[in-house]
Amino acid sequence: MNYFKTLFPILIICSCNLWSQTTGNSTVGIILPVVTLMDIEPAGTINFNFPAPTEAGRPLVSPASNTSKWVNYTSAIAAAGLSKRITASINQIIPGIDIKIQAATASGSGGGFLGAPSSQITLNSTAQTVISGIRGAYTGNGANNGHRLTISVSTNTYANLSAITNTPVIITYTITE
C-alpha cells in the first residue's frame, strides 16, 4: 500500500506534463515598398577660383579638388527589378574649362548591396553614370557616409578661355533604374 501512495502522485504529475503540450501559428503580412531616395551632403555651394599666374608665360594653375560632398541614398528594388544608378550632368559648359567628378567606394555606416563608382568623368549636359549597380542598400546619412565625391576643374583649350566672374554651374544628380 505504501508503494501505491508513493507512485500515485508521481503518475499524476507526469500525466499532466504529457497532456500540456500545445502548438499554434499566426500569419504576418509584410509590405516592403520600392524605395529610391538620394541626396548630396552637406548642402552648400562649392567655389573654384583659378589663381592668376605670377609670371608671364606661365599657364593657369587649376584650383585644388573639392572632396567635401557625399552622395547618400536608400534603395529597395522591386522583385526581380533592375539595379539603380546615379548620374550627373551640368546645366552649362564653360568654354575652355573641364569640370570632372569621381565617386569613391562607399564608406560609413551603411549596408546592403551598395553601388560601384565609375571612373572619373568630364561633366557635360548629358547625364553620365557616376555610381551603378545599386540594389537593396542604404549608405548612412550625412558627411562621411556614402560615396565621397571628388570634383575638380581644369583648363582644356586655352584658345576658348575668357575671363568670367561668379558664373554658377549647377550639377544635377539623378538616381534611376
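The values are calculated or read from the model by the stated rules, or taken from the named source; none is laboratory data. Model, not experiment: these values are computed from the prediction. When we count neighbours, we look across all protein chains shown, and the Cβ atoms used for this are built from the backbone with ideal geometry, even at glycine. To get the accessible areas, we keep the full protein, side chains included, count just its heavy atoms, and leave off ligands, DNA and RNA. Shrake-Rupley method; radii C 1.70, N 1.55, O 1.52, S 1.80 Å.
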Just grab the label-to-label distance for Thr157 and Thr174, each label 7 Å out from Cα along the Cβ direction, in nm (one decimal).
2.6 nm
I'd like to check one number: the per residue accessible area of the chain, probe 1.4 Å, reported in Å² as a whole number.
66 Å²
Might you work out the accessible area of Val34 for me, using a 1.4 Å probe with all protein chains in place, and round it to the nearest 10 Å²?
90 Å²
Gaussian network model of the chain, Cα springs within a sub-10 Å range: biggest mean-square fluctuation belongs to which of Thr155, Thr54, Thr22?
Thr22
Please work out how much length the chain gains when fully extended from Ala78 to Asn166, using 0.36 nm per residue of separation minus the C-alpha to C-alpha distance, in nm with one decimal.
27.3 nm
Just to be sure I understand: with springs between alpha-carbon atoms less than 10 Å apart, which residue in Ile30, Ile90, Ile121 has the highest mean-square fluctuation in the Gaussian network model of the chain?
Ile30
At Ile40 and Thr150, where each label point lies 7 Å from the Cα along Cα→Cβ, what is the point-to-point distance in nanometres?
1.8 nm
Distance in nm between label sites at Ser26 and Gln120, each 7 Å beyond Cα in the beta-carbon direction?
5.8 nm
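At 1.4 Å probe size, with the rest of the protein present, what percent of the exposed accessible area of the chain is carbon and sulfur atoms? Intermediate results must be reported in sequence, preceding the final value.
Working: 6630 of 11650 Å².
Result for the chain: 57 percent of the exposed heavy-atom area is carbon or sulfur.
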From largest accessible area down, sort Ile93, Ile31; use a 1.4 Å probe on the protein chains.
Ile31, Ile93
For Asn47 and Ala143 in one chain, what is 0.36 nm times their gap in residues minus the Cα-Cα distance, to one decimal in nm?
32.7 nm
